[in-house]
Structures are given as C-alpha cells and as structure tokens.
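The values are calculated or read from the model by the stated rules, or taken from the named source; none is laboratory data. No experiment lies behind these values; they were computed from the predicted model shown. Cβ: placed from backbone, ideal geometry, glycine included. Neighbour counts: every protein chain shown.
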Amino acid sequence: MTSQEILEKANKKSDLALTTILTVLSRLEDKGFVSREPGEGRAFLFSAAQSREQHTADMMLQLVANESNPALAFSHFTDGLTTAQLKALRKSLEG
C-alpha cells in the first residue's frame, strides 16, 4: 500500500496528517515491522514485514528462550487453551 492509501484507511476513524503516517511508517520500518519498496514515481509501497502469525510466533519464541524451565511455561500456556486450540496445536506439531 502507498502512504496515501494508508492515510485514507486511517482517516476513516480519525483525522491524521500524511506526515504523521510517514513518521509512524518510518519508525515501524526501523524496528523491522514494515518493509518499504519503491513504487510509481516518488511513491513508496509499504507492507508488513511478517504476517501477524509469524510475529506472534517470534514473540512466543523470545519469551520461551528467556525461561529457565520452558516445559513449565508451555504447560501453563496450554492450560489456557480451549479444546479446539489444543487440537490445532497438536495437529501443527504432528504435521
């Protein structure tokens, strides 16, 4: 998406300036959350660097990496899952 397209979507709920959108996009790019590629003319195309699911998985991996007892952390995590979520997790681990 171009910054103008993002501005149009964002302004359905608020009244932001293009410079604000560009500043936020620049900061998100610096943090590795957004990718920027040349578009037509002077425009740039912005996209998410990762899917929501990939980002969530990375965050979970970082949390587990800092645990002294990852098995216990996983145990507590799975206690909070629904039956359907546990089934999906099992399927993912087996496949």
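Which residues, counting only those in segment 29-63, are in a helix (DSSP H, G or I) and either acidic (D, E) or loosely packed, with under 13 Cβ neighbours inside 10 Å (or both)? Spell out how you get there, then give the answer.
Looking only at segment 29-63, we keep the residues that are in a helix (DSSP H, G or I), and these are 29-30, 52-63.
Listed by number, the residues that qualify are E29, D30, R52, E53, Q54, T56, A57, D58, M59, L61, Q62, L63.
Can you tell me which residue is farthest from Q50 (Cα to Cα) among those in segment 5-23 that are in contact with a helix residue (DSSP H, G or I) (Cβ under 7 Å, 6 or more places away or on another chain) and either in the same structural domain as D58 (by TED's automatic domain parsing) or outside any loop (DSSP other than H, G, I, E, B) (or both)?
Top of the filtered list is L18.
Look at E67 and say whether it is closer than 29 Å to G32 by Cα, of a type in the set (D, E, K, R), assigned to a loop (DSSP other than H, G, I, E, B) and free of Cβ contacts under 8 Å to residues at least 60 places away in the same chain. If you could, list the steps in order and put the result at the bottom.
Details: closer than 29 Å to G32 by Cα: yes; of a type in the set (D, E, K, R): yes; assigned to a loop (DSSP other than H, G, I, E, B): yes; free of Cβ contacts under 8 Å to residues at least 60 places away in the same chain: yes.
For E67, the condition - closer than 29 Å to G32 by Cα, of a type in the set (D, E, K, R), assigned to a loop (DSSP other than H, G, I, E, B) and free of Cβ contacts under 8 Å to residues at least 60 places away in the same chain - is met.
Search segment 1-29 for residues that are free of Cβ contacts under 8 Å to residues at least 12 places away in the same chain and pair each with any residue that is surrounded by 12 or more Cβ atoms within 10 Å (Cβ to Cβ) and in a helix (DSSP H, G or I) when their beta-carbon atoms are under 6 Å apart and the residues are at least 6 apart or on different chains.
That search, which allows pairs on different chains as well, returns L16/A10.
Does S26 count as among the small types (G, A, S), in a helix (DSSP H, G or I), modelled with pLDDT of 95 or more and within 27 Å of T2 (Cβ to Cβ)? Before the answer, list the steps.
Numbers: among the small types (G, A, S): yes; in a helix (DSSP H, G or I): yes; modelled with pLDDT of 95 or more: yes; within 27 Å of T2 (Cβ to Cβ): yes.
Considered against the rule, which asks whether it is among the small types (G, A, S), in a helix (DSSP H, G or I), modelled with pLDDT of 95 or more and within 27 Å of T2 (Cβ to Cβ), S26 comes out as yes.
Give the residues of segment 82-95 that are over 21 Å from the mean Cα position of the chain (by Cα) and under 16 Å from A57 (Cβ atoms), sorted by residue number. Can you show your working first?
Taking segment 82-95 as the starting set, the residues that turn out to be over 21 Å from the mean Cα position of the chain (by Cα) are 82-84, 86-87, 90-91, 93-95.
Those that are over 21 Å from the mean Cα position of the chain (by Cα) and under 16 Å from A57 (Cβ atoms): K91, L93, G95.
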